[in-house]
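Working notes for the structure below.
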Amino acid sequence: MSDASILYVFPGQGSQYRGMGSDLCADFAVARDVYEQANEVLKFDLKQLSFEDPANEIGLTRNTQPALLTHEVACLRVFDELTGGKVKPKMAAGHSLGEYTALVAAGVLGFEDALRLVRRQGELMGEYGERHAGPDPGCGDSTATRRPALLPDSQLQFAGTDGGGRTRGRSRRARGRPG
């Protein structure tokens with residue numbers, strides 16, 4: 001069933017936390033399969049990094065991006081399994097990194113290709129950050145104007161404009177989520 005009222009929206013970097021995906025993998029074989037597929041493509045144990053993060057590396061962009069994509073695809077596959085594949089969105093969208101998951105959800109990009117892309121993107125962003133102190137290249141300059149979100153009950157922590165006049169926002173952690 002494709003319904004005009006169904007839209008999938010996927011979050012971006014910043015929503016990662018230690019342990020993400022472990023609950024899904026404990027209960028759903030399809031989620032375990034997604035993490036195993038990611039391990040094979042990336043050639044490292046993303047599952048351990050996501051679930052245990054022994055060296056506190058989940059926040060490194062080179063790791064965050066494939067970890068979030070994998071988690072989001074695992075959520076998508078579990079949802080598909082739980083609904084028997086009968087619920088299909090009219091549209092898929094994503095914030096920043098979530099755009100890749102939206103492309104996977106829409107069938108435009110394969111999961112393995114998306115993993116390779118976000119891993120490389122994360123490596124490049126991390127290298128940039130190591131060479132250049134200061135703000136992320138996508139976030140404008142340090143003179144950004146911040147103002148409180150207009151909706152106090154929303155998940156938006158702050159909104160502001162960067163040096164280029166673009167509005168920026170950052171989500172806060174959902175209540176009750178570990179990490």
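The values are calculated or read from the model by the stated rules, or taken from the named source; none is laboratory data. Small disclaimer: the values here were computed from a predicted structure and weren't measured. All Cβ positions, glycine included, derive from the backbone under ideal geometry; neighbour counts span all protein chains shown. The area values use the complete protein model at the heavy-atom level, side chains included, leaving out ligands, DNA and RNA. Shrake-Rupley method; radii C 1.70, N 1.55, O 1.52, S 1.80 Å.
If you go through the stretch 71-118 one residue at a time, how many are in a helix (DSSP H, G or I), touching a residue at least 12 places away in the same chain (Cβ under 8 Å) and hydrophobic (A, V, I, L, M, F, W, C)?
Result for the stretch 71-118: 13.
Under 6 Å by Cβ, and 6 or more places apart or on different chains, what pairs join a residue from the stretch 26-53 that is over 19 Å from G110 (Cα atoms) and touching a residue at least 12 places away in the same chain (Cβ under 8 Å) with one that is open to solvent by less than 50 Å² (accessible area, probe 1.4 Å) and hydroxyl-bearing (S, T, Y)?
Sorted first by the residue in the stretch 26-53, then by its partner, the pairs are K47/Y35; F51/S22.
Within the stretch 76-90, can one find any residue that is out of contact with any strand residue (DSSP E or B) (no Cβ under 9 Å at 6 or more places or on another chain), of a type in the set (D, E), open to solvent by 80 Å² or more (accessible area, probe 1.4 Å) and modelled with pLDDT of 80 or more?
Looking through the stretch 76-90, at least one residue is out of contact with any strand residue (DSSP E or B) (no Cβ under 9 Å at 6 or more places or on another chain), of a type in the set (D, E), open to solvent by 80 Å² or more (accessible area, probe 1.4 Å) and modelled with pLDDT of 80 or more.
Hey, can you tell me all the residues within the stretch 12-48 that are aromatic (F, W, Y) and open to solvent by 20 Å² or more (accessible area, probe 1.4 Å)?
Residues satisfying the conditions are Y17, F28, F44.
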